[in-house]
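> Got a structure here, written out as structure tokens. Questions coming.
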Amino acid sequence: MSESAYRGPLAGTATLTINGETWNIVGDAQWQATGFANETLKGQSATEGFGRMPQQGFFQATLRDRRDRATSNFQGASGLDITLEQANGKIITVVAGWQTGEITVNTQEGTFELHVESDIVTEDTVG
């Protein structure tokens with residue numbers, strides 16, 4: 001086995017800030033970096049190639065409903081700057097994002113889903 005294999009954490013913990021304020025992630029956090037989406041172009045007689053369009057990035061996670069913050073303030077919000085630090089050291093950054101979908105609070109668990117999209121979602125790797 002290679003001596004350069006990373007032996008630290010690969011998954012598990014994550015730290016989240018939204019507009020500089022720390023929020024607790026309860027369930028999985030998911031993200032997709034901004035980039036391009038390819039779509040196959042087909043004619044009646046052949047596959048002709050592909051088209052490329054810009055694709056917005058996104059961040060979503062299940063967060064803990066906090067007693068000191070109104071969850072409803074996220075509904076329809078824009079200008080959201082998000083930083084996610086993953087256990088493996090990667091930093092995911094969302095710049096000037098906007099909330100999409102509906103926010104529903106689960107009172108039994110004290111959680112809610114937050115989905116934010118942006119034209120700037122980046123992934124910074126370590127080493």
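The values are calculated or read from the model by the stated rules, or taken from the named source; none is laboratory data. Model, not experiment: these values are computed from the prediction. Using ideal geometry, Cβ is built from the backbone for each residue, glycine included, and neighbour counts are taken over all protein chains shown.
> Just to verify a result, which residue in the range 25-36, among those that are of a type outside the set (A, V, I, L, M) and surrounded by 15 or more Cβ atoms within 10 Å (Cβ to Cβ), is nearest to Asp68 (Cα to Cα)?
Trp31
> Identify, by number, the condition in (1) at pLDDT 95 or above; (2) on the phi > 0 side of the Ramachandran plot; (3) of a type in the set (Gly, Ala, Ser) that Gly89 doesn't meet.
Here Gly89 meets the rest and fails (1).
> Tell me which strands (runs of 3 or more DSSP E) are completely within the range 2-43 and hold 3 or more residues being at pLDDT 95 or above and either of a type in the set (D, E, K, R) or over 14 Å from Val94 (Cβ atoms) (or both), or say none if there are none.
Output list reads 35-42.
> Here's something else I'd like to know. Taking Phe59, is it modelled with pLDDT of 95 or more and surrounded by 15 or more Cβ atoms within 10 Å (Cβ to Cβ)?
The answer is yes for Phe59.
> How many residues are among the aliphatic types (A, V, I, L, M), surrounded by fewer than 17 Cβ atoms within 10 Å (Cβ to Cβ), out of contact with any Gly (no Cβ under 6 Å at 6 or more places or on another chain) and farther than 15 Å from Asn24 by Cβ when one looks only at the range 97-127?
Qualifying residue count for the region: 1.
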